[in-house]
1. Based solely on its DSSP helices, what 222 nm [θ] is calculated for the chain when runs of n ≥ 4 H residues each add -39,500 (n - 2.57) and the sum is averaged over all residues, nearest 500 deg cm²/dmol?
2. If each residue's Cβ is checked for other Cβ atoms within 10 Å, how do PHE127, PHE85 rank with the fewest at the top?
3. So between ASP55 and GLU102, what do we pick up on full extension, going 0.36 nm a residue minus the alpha carbon distance?
4. How large is ³J(HN,Hα) for each residue in the stretch 8-19, as worked out from phi by the Karplus curve 6.51 cos²θ - 1.76 cosθ + 1.60 (θ = phi - 60°), to whole Hz, x for Gly and Pro?
5. What ranking of VAL100, VAL5, VAL34 emerges when the number of other C-beta atoms within 10 Å of each C-beta is taken as an exposure proxy, fewest first?
6. For GLU94 and ARG77, calculate 0.36 nm times their separation in residues minus their Cα-Cα distance, and state this gained length in nm to one decimal.
7. Give me the three principal axis extents of the stretch 14-73 from the C-alpha atoms, as integers in angstrom, largest value leading.
8. Report the full-extension gain for the segment GLU84 to ALA18: residue separation times 0.36 nm, less the Cα-Cα distance, to one decimal in nm.
Amino acid sequence: MATDVITLITNDHRKVEALFERLKKEEGDAKATVAELHALLTAHARAEEDRVYPDLDAHHGLEEHKEAEVLLDELVRATPGTLEFRQTLEKLVESVNHHVEEEESDLLPQLAQQAGDKRLQELGKAFQQRRDEELQALMSVQDGGDVTKAELYEQAQEADIPGRSQMDKEELKEAVRKNA
């Protein structure tokens, strides 16, 4: 499994795009998908800002993160299936897709040129550690700490996590967190 920062960031971008598609197609529990999207985008942005952007001139990226954060909060408050929800989702998708395009065509290639393989690996480790810390904190807040083993199993099943039927509650929680 690749652990360089560029691969980790682009993998997150693809996960976000898949969540957008699920929401646009109204597949599954929209509130749960929005919560997953909120956690992933927030953790991803904070990890980029804290661990990756200091190596780059990324002021514009910070502004785009703030714009996405505002739209994401609006989406969390909107009722799925309403016009407000669809319009907010559309604005968020447009904003994030624009950011991803700029990041993947400008910032990440710039980083690849500036940093050697060793530095990309170091940044990858730092990015993943910061992202995972944020995800864990955000998920525990969202879960209220009261998530049941059955709910975790259902999340693991939706994520197609292998070996889930033999896992205890803590193992399920960890597997679901790592898959987010």
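1. -24500 deg cm²/dmol
2. Least crowded to most crowded, the residues run PHE85, PHE127.
3. Fully extending the segment from ASP55 to GLU102 adds 15.3 nm.
4. The phi angles translate into 4, 5, 5, 4, 4, 4, 5, 5, 4, 4, 5, 5 Hz.
5. Details: VAL100 18, VAL5 27, VAL34 21.
Ordered from fewest to most neighbouring Cβ atoms within 10 Å, VAL100, VAL5, VAL34 come out as VAL100, VAL34, VAL5.
6. Net length gain for the segment: 4.2 nm.
7. 39, 19, 14
8. 21.7 nm
Computed from the coordinates by the stated procedures, all read-outs in this text should not be read as laboratory data. All figures in this text were calculated on a predicted structure; none of them were measured in a lab. No Cβ is skipped: glycine too gets one built from the backbone with ideal geometry, and neighbour counts run over all protein chains shown.
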